[in-house]
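A.B. asks: A single structure is presented below for examination.
The numbers here are math on the coordinates, done by the rules we state, and not lab data. No experiment lies behind these values; they were computed from the predicted model shown. FYI the Cβ positions are ideal-geometry reconstructions off the backbone, even for glycines, and counts take in every protein chain you see.
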Amino acid sequence: MIRIQSRKNEYIKELSGLVRSSEKRHAQGLFVVEGARLCRDAARSGLKLEAVLATPQAAEKYSAYVGEIAAKAKESIEIADSIAPLLSDTRSPQGVFCVVHLPSLEERGIDRLPGVGRYLAVENMQDPANLGAVCRTAEALGISGVILLGTCCDFYGPKALRAGMGAAFRLPVYMASSFQQAVPVFRDKQMRTFAAVPDENAVPVTQCVFTDRCVMLVGNEGNGLLPETIEMCDQTVTIPMLGRAESLNAAASASILMWEMMRGKEG
């Protein structure tokens, strides 16, 4: 058992940087997971765990969790209580953390997309809480996977991980630098693309027929989908709204759209 007592320890400084910087996470190929349950989910996911860190009190309180995580981790580290806030993105940390290897870019590339399935694609989504909520709902509804297009926020950042409640470890996620990059893959696999827009002239999503070769696209929180993305999609769809609101939160919109995508699917 390794023990770290100093807040100035170089390894702790490195991990604190991973918590707060997407650039450092992707440069080092590592990210930090916080909380006993999320760390256990990471351990059960098949991802490679570099280390588990816990305060003495947390190791005792969450002993079943920490034991299972430690069995999958390369190292087990006991940290002083004063160190936990440096690794935490919350006001009251539980005191349990793990360091996980990021899936490789090759594993997450759009070219790895299977030929069959019902997928949600998000373009330039910036709010990690929205992204996490979208992925949590996608997993719950049985969506085949989520596709990140353009400059989305970091899927493996602490806020997105927490909002997703472990979906990041179980839900297939693919990435493309733009919709234009993804289009040849969609066409090669004969997948129909739907652009979600707040336009009364678009087809109500409740009237659409979805097959097991389709992708629903949802855009940025403030600006929606890029005009060129909408133009390249096979169909524009909208959510019928009878109330006075002109639009919905991106995560709420995505949830409704995914529900409609899966509503007629059996099994």
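A.B. asks: Show which lysines lie in cross-link reach of K159 when reach means a straight Cα distance below 19 angstrom and same-chain residues fewer than eight apart are skipped.
C.D. replies: K24
A.B. asks: In sequence order, what are the phi-derived ³J(HN,Hα) couplings for region 219-230 according to the Karplus relation 6.51 cos²θ - 1.76 cosθ + 1.60 with θ = phi - 60°, rounded to whole Hz, with x for glycine and proline?
C.D. replies: Once θ is set to phi - 60°, the couplings for region 219-230 become x, 4, 4, x, 10, x, 6, 5, x, 5, 5, 4 Hz.
A.B. asks: Taking the Cα centroid of region 151-176 and of region 1-59, what is the distance between the two, rounded to the nearest whole Å?
C.D. replies: Each part's Cα centre sits 17 Å from the other's.
A.B. asks: Something else: Among (i) 137; (ii) 118; (iii) 147, which is the computed volume of the Cα convex hull per residue in Å³?
C.D. replies: Correct label is (i).
A.B. asks: Obtain the nm distance between the two label points defined at S6 and E106 by a simple spin-label model: each point lies 7 Å from its Cα along the Cα-to-C-beta direction.
C.D. replies: So the label points at S6 and E106 sit 4.0 nm apart.
A.B. asks: Roughly speaking, what is the stretch gain from T151 to W259, that is 0.36 nm per residue apart minus the C-alpha to C-alpha distance, in nm to one decimal?
C.D. replies: Full extension of this stretch gives 36.3 nm more.
A.B. asks: Length gain on complete extension for the stretch N249 to A140, per 0.36 nm per residue less the alpha carbon to alpha carbon distance?
C.D. replies: On the way: separation 109, 0.36 × 109 = 39.24 nm, distance 1.89 nm.
The span from N249 to A140 would gain 37.3 nm if fully extended.
A.B. asks: While we're on this one: Is the shape of region 107-263 rounded, prolate or oblate, going by the alpha carbon gyration tensor and its root eigenvalues a ≥ b ≥ c, with a/c under 1.5 for rounded and a/b larger than b/c for prolate?
C.D. replies: Numbers: a/c = 1.40, a/b = 1.10, b/c = 1.27.
It is rounded, given that a/c, with a ≥ b ≥ c, falls under 1.5.
A.B. asks: Quick one: work out the % antiparallel among DSSP beta bridges in region 34-165, nearest 5.
C.D. replies: Working: 6 of 16 bridges.
So the antiparallel bridges in region 34-165 amount to around 40 percent.
A.B. asks: For region 2-102, what value does the Rg/Rh ratio take when both radii are computed over Cα atoms and Rh is the Kirkwood radius, given to two decimals? Don't skip to the answer; put the middle values down first.
C.D. replies: Values: Rg = 12.1 Å, Rh = 13.2 Å.
Rounded to two decimals, Rg/Rh equals 0.92.
A.B. asks: Now, a different point. Quick one: dipole size for region 2-102, taken about the Cα centre, charges +1 on Lys/Arg Cβ and -1 on Asp/Glu Cβ, in debye to the nearest 20.
C.D. replies: Numbers: 15 positive and 12 negative charges, 22 e Å.
It works out to roughly 100 debye.
A.B. asks: Sticking with this one: Explain nothing, just the number: relative contact order of region 1-74, from Cα pairs under 8 Å at least 6 residues apart, as a whole percent. Each step should come with its number before you reach the end.
C.D. replies: Working: 45 pairs, mean separation 18.4, N = 74.
So the answer I get is 25 percent.
A.B. asks: I would also like to ask the following. Determine the calculated [θ] at 222 nm for the chain from helices alone, applying -39500 (n - 2.57) to every DSSP H run no shorter than 4 residues and normalising by the residue count; nearest 500 deg cm²/dmol. Intermediate values should be presented prior to the final figure.
C.D. replies: On the way: 13 runs with 106 residues, N = 267.
That comes out to -10500 deg cm²/dmol.
A.B. asks: Would you mind ranking E231, E10 by Cβ crowding within 10 Å, fewest neighbours first? The partial results should precede the final answer.
C.D. replies: Numbers: E231 11, E10 8.
By the 10 Å Cβ count, ascending: E10, E231.
A.B. asks: Could you grab the relative contact order for the chain? Cα pairs under 8 Å, six or more apart, rounded to a whole percent. Could the numbers behind the result be given before it?
C.D. replies: Values: 520 pairs, mean separation 48.2, N = 267.
With pairs under 8 Å counted, the relative contact order is 18 percent.
A.B. asks: Mind checking which lysines have their Cα closer than 27 Å to the Cα of K265? Skip sequence neighbours fewer than 8 apart in that chain.
C.D. replies: Correct list for K265: K189.
A.B. asks: Hey, another quick one. May I ask you to compute the full-extension gain from E228 to R44, defined as 0.36 nm times their residue separation minus their alpha-carbon distance, rounded to one decimal in nm? Mind dumping the intermediate values first?
C.D. replies: Working: separation 184, 0.36 × 184 = 66.24 nm, distance 4.02 nm.
That works out to 62.2 nm of additional length.
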